[in-house]
Every structure is written in C-alpha cells, then in structure tokens.
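What follows is a single structure, written as structure tokens, with notes after it.
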Amino acid sequence: SLSKLQLKTGDLDPRLFSRLRHLQKLDLSDNLLDKFPNSLTLPDLRVLNCNNNKLEDVTALKQFPLLEELTYENNVYLTLNDDYKVIFLLQNLRLLNGKDITKLANHVRHVNSRKLTSKVTAHWEKFFRDQLPEKYTAEQVMSIKNNFLKSVQTNVVYGPSSLSEFTRWRVKMIAEEFLAQSLGVELNSDTEPEEKDENEEESTESPREAAEDVAQVVHIYDPLVTVTPVKRKRNHSKSSPGNKRSKTQANTKEKAAEDVSAEPLHFLQCHSKGNSREDFKTQLWSCVFEPVLDSGARKDPIVSSSRTVATCGGESVCLIDCETGTVLKKYKVATEEFFSVAWTTLTMVISDSHKKAHNILAAAGRRGIVKLIHVAADFCYGEIKAHKKPIATICFSPTQETHLFTASYDKRIALWDIGIPDCDYNFKSSQLLVLETASIPLRIALVPTCPEQYLLAGCENGCFAWNIKLDKGQKSRPFEAIFQFPGEESMTTSHRVDGLAFLNDDVVVSKSSKPGCIYLWSWSKSFDAKGKGCQRTMSAVILAELEWSTTDMSYLTLSTCPAKEYVFCGDEKGSVWMYNLSNYTTAWGSPKGKRSERRISPTQILQWPELRVNGEQPPEILVNNVVADPAFSYLVVLTSVNITAIWKKS
C-alpha cells in the first residue's frame, strides 16, 4: 500500500518497481499521479487501486496484462472513453470500478472490433486501393498510409457520439494493423501514449447509457443518414463520389476584393429534441470558440489555434471539433431552451497549493438560469438563478474572469461575480450591478478600450450605453446614452438592433431593422464621455454602410474577426456574407476619419449547398448566427433547421 503519500508520477521509480516480480496487489490511491511510467514491469500484478489521483491517460496500463481488478474513481480527467480503452487493452480484466464488465468486455473486444474492422476495410477498398500502383516505392506507401489514416479516422463513425474518442483510437489501431498486413510493411506507430487534449474528452455516461444513445451527428459521409450537397446550377465545380465538398464561387463586385477560398467541411444535426433524426425545427442560436489554454502539452499544431466550438440550441449544448466534425461532449437539460453560451478561464485550486487553469462554459436560455460547466471534468457544477424571464445573451468580461453579464427579457442586464469553485466545487456567486433597459436587450458588447467602464447593448428599441464602473455606489443604473442612426427620412433612435460587435478597439458594427444595411460607426467619435447626466441622445458617427440582404427578417445576427478585420452575417437563404475591411480601417482610424461614400459590397457570399437529407431538401434555411475562430481557420454557421455547418478556409 502506497496510499496517501502525495506521490507524483516521477516518484514511481522503474528501477525499484521492476524488481517486484511477484507483486499482485498495489494501492496507489489518494496521491497526485497524472500518468503511469511505461516501464514499471509488474508482471504478476492482479489488483490495482488508483482512486483519487489526477490521471489523464490509461493506455500505459497495458503493461499489466494479468490485471483482473482495476479502480480509478475520482480521477476527474478520465471519461467513458478511457473505460473502453482499458477494457480493450486488458484482456483479463473482470472488475472495473467495482462493476462486473464481462458482458461489456465481450462487446468492446469482439463485436465493436469486428464492426470497425469491416468499416476500415470498406473505406480502403472504396477510396484508396486503386491509388496504389502495382510496383510501389516506400515513399508512395508512406504517402498513402498517412492519407488513409487521416481519412479513416475522420470518416469512420460508429456508436454514440459520447464514445467518438475511443472509436477514433481503435480505428487508428485497426487501420495500422490492416496496412501492415495488406502492404506487407510494418508501420511505425508511437509507443508512447498520446497526451490527451482536455477538450477531446467525452461526456461521462454509464456504458448502458452510452449504448442506448442515438448517433446525433449527420455527416455528409454518414451511411445511415445521407446529407448530400447538390451542385448549384451557377456553380461549375464537379462533384466526385470520393469528394462531396465543392468550393464556393466568389460573388464580389469590387476589383480589390479577394476571393476567400472556403469549403463546406461538415453538416451536423446534433441538437435534436429527444435525439430525433427527423428534427429540422430546433433553432440554433449561439456559438463561441473555446479559449486556448497555455498548457504547452498539445502535439497537434492545428489545436494550438482553437478548433473546439461550443454551440447551443433547443435543450442541448454541444462541444464540436471543427476539423473532424466530432461532437466531443453534449449537455442536456430537458426543460430548457438554450439561447447563449460564453467561455471563461479560471485558475482553480484542485488540491493543496496545486493551481491550474481550466475553461468554464456558461450556458443560459429560456428558464433564466445560468449553468456553469467545468468542461474537462464533464461536470455541471452549479447554476445561478439570474432572472425570472428568459436570458437572451451572456458574455464574460475580458479583464475580470469571474464577471458575467446576463441580458434578459425582463429588460435588465445584470453583472454577476460567479466566484471560483474550490476542490469540492463549492462556489459563491453575487450580483454586482443591474442595468435598466427601456426594451429587451438582444446583443451586448463591452467597449474594448475600457471594458470595465462601458457596456453597449443592441435592444428591441434602440442602441444604448451604460457606465458599468463598480466604484460608483449606485447598484441599479439607467442607460447613459442612446444612439441615433439615419432613418428613412431623418435620424432616429427607435429601431431594433439585433446585431452588435466591435471590429477593432473603436469601430462598432451594428445591424438594425433597416433592411439591407449594416452600419459601421466610431465609438470614440460618437460617445461624449465628458458630458454629464444620464439618458443623453448621441448621434452615431457613421463610417460606412455594408450592403446586405434586403430581408426584413429579424434576429439574424452578425459577428466579427478582429485579428483578420472581417465581418460576417448570414441571411434568410442560408448564405453567409463576408466583408474584408482591412483596406478601410486605417482611413477610418485617422483623426479626420472619412466616411466611405458608397455602400461596401461583400468580399464574398458563401452560398448554402443544396443538402439532401434522406433524399429530401430541408425547409427554408435562416442563418441565425455565424462565427469564425480568432485565426479565421473555420467558420461555424448556425441555422433555423437544426443544422450546424462548418466551413474551412482553404
């Protein structure tokens, strides 16, 4: 027994342990182990207890082939996928965390393996066998091997989405064995266990729940539910069976505009009510890319720029890997309809003096309750009853990581301190401020140059600003300014503002009920910070107008990618309007910042591919929201028909 000794991984010295040739039972519970060294070589080990550690990976346990009983409860980073991995790796295992796994083990080791082997083989036969010439070089073999391994892990889907990480792990293993046999070449595979990305852990469900789950994801590759992009008549690109993705054509009127080459990567139906494949009615509303943790442990260069996005709609919140189209996690609240999600990064004390940064996801909607989710631990650790009416949108302060703004249909915007959970997830939240709005707030944005002083909100009846500085004694505050915009005949304050975001430190992008127009205006030139008194009317200093759809449909919101100086907005036909404004921002930022006289046309319009789901086209498609990651590698499009589309910039 080596329990409760504060042991870390480096304390398990292989030179010592390798001499324990006859050790059968080992208790390492209540320590600080994050992984097992690969060469402990305990050839007769039968029982192992690792409860209450910090284990992040289980694949090193394969060095104990005679293991019969294994427990690793209360290791917050281990998930259902890890259970399946050890069941497969340890052929003699009978008890896992105190439960008899005999029946499940038969499924994992035999039934699951047969199914996946069949799918891997079919994928090779269909897409790769003909690529191999009769006489091939080692370089050709390696090229085909790498392409096949990447393709097969992306496209072979089996079982519930909660087991997708285990499935990818097994598919890679089976594919490497298949290639070694088929090509007569031994393929070098990493013997070191892969360091697991915290973002790629799955929801913690029991094996029974996982088996009963219905596959949520509608891929363009899924053999069960076929979603086929159909060529548009105006598009001349050819579509081959092996590649159903077609590049969109630029629709641009300006000579200086560039063609942003982007292609549709995945179409997912993962927010269905009751897991129904027939649900094309659930509206999807909000998506935010996960912040990158500065862990330095990620091997995949793509992941260093976040490719994990949180989406919400209906009763569920999903975490999606944009590259693979995998639904990494899914959270459901049966009586809820989620409208908004937001990320923050908290430095949490997991054990004595051990601090680590963790991403926390907040989700809110119709019930007026904010759910707080520790994503890496698959744990919704708390909730804040923020409002008695629905919450339209939420956002965290960029400078105060525990400060959360909630904007509600009760015509109030509240500022909360959500606190930091301790090692038992106890936390204390408090309300710091209430901002009174004249109408329902729809979109909120903190002013980048002074995020602790001013908040801007687009509401049902105008665009408003509040002073949110906490050193002012007043807890409940009226708005400080309302902004006027050009109306049909004169300047007006009364209009619905359903799109609002900052393009840079000064330029605000807002969309109003005036059809066919998105305004860009200057915060610093419009807001008179020196003036006194509340509820003052100020004229928005317009820098430019963006040409957009002539629809009068509301709540199709916009977003920005400040690093690349892009604005995105979807329309009522499933298309995404993209504006590259890098040629204009310098002129706007000058002291004499001249207004662009004519409307700026979109750099490109991404047309919605005509999808067929089980042979039929979905109904009218509205793009409720469209968001790019900070590096503009991916574009996530949320629709009114329960389809999340992911585009990749080429």
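General remarks:
- Loop chymotrypsin sites (Phe, Trp or Tyr not before Pro), the range 107-155 (other Cβ atoms within 10 Å of the site Cβ: 14 or fewer; DSSP): Y136
- Environment charge at V636 (Cβ cut-off 15 Å; Lys +1, Arg +1, Asp -1, Glu -1): -2
- Sequence-ordered 3J(HN,Hα) estimates for the range 12-17 from the Karplus curve with 6.51, -1.76 and 1.60 and θ = phi - 60° stand at 8, 7, x, 5, 6, 5 Hz, glycine and proline given as x.
- Put a dot 7 Å past the Cα of S261, heading toward its Cβ, do the same for E68, and the two dots end up 6.1 nm apart.
- Protein heavy-atom accessible surface, 1.4 Å probe, per residue over the range 9-97: 42 Å².
- Among the listed pairs K330/K648; K332/K564; K564/K648; K103/K356, a Cα-Cα separation exceeding 27 Å is found for K332/K564; K103/K356.
- Listed residues S162, I174, S118: farthest to the positive end of the dipole of the range 103-183 (Cβ charges): S162
- Separation of alpha-carbon centers, the range 106-160 and the range 385-409, rounded to whole Å: 46 Å
- Charge dipole (Cα centre; +1 on Lys/Arg Cβ, -1 on Asp/Glu Cβ; no other charges) of the range 9-97 amounts to roughly 380 debye.
- Each Cα pair under 8 Å and six or more residues apart adds its separation to the average, and for the range 1-141 the resulting relative contact order is 16 percent.
- Sum of side-chain charges, S39 neighbourhood, beta-carbon under 11 Å (Lys, Arg +1; Asp, Glu -1): 0
The values are calculated or read from the model by the stated rules, or taken from the named source; none is laboratory data. All values derive from a computational prediction rather than experimental measurement. A quick note on method: Cβ atoms are made from the backbone with ideal geometry, for glycine too, and the neighbour counts reach across all protein chains shown. With ligands, DNA and RNA removed, areas are computed over all heavy atoms of the protein, side chains included. Shrake-Rupley method; radii C 1.70, N 1.55, O 1.52, S 1.80 Å.
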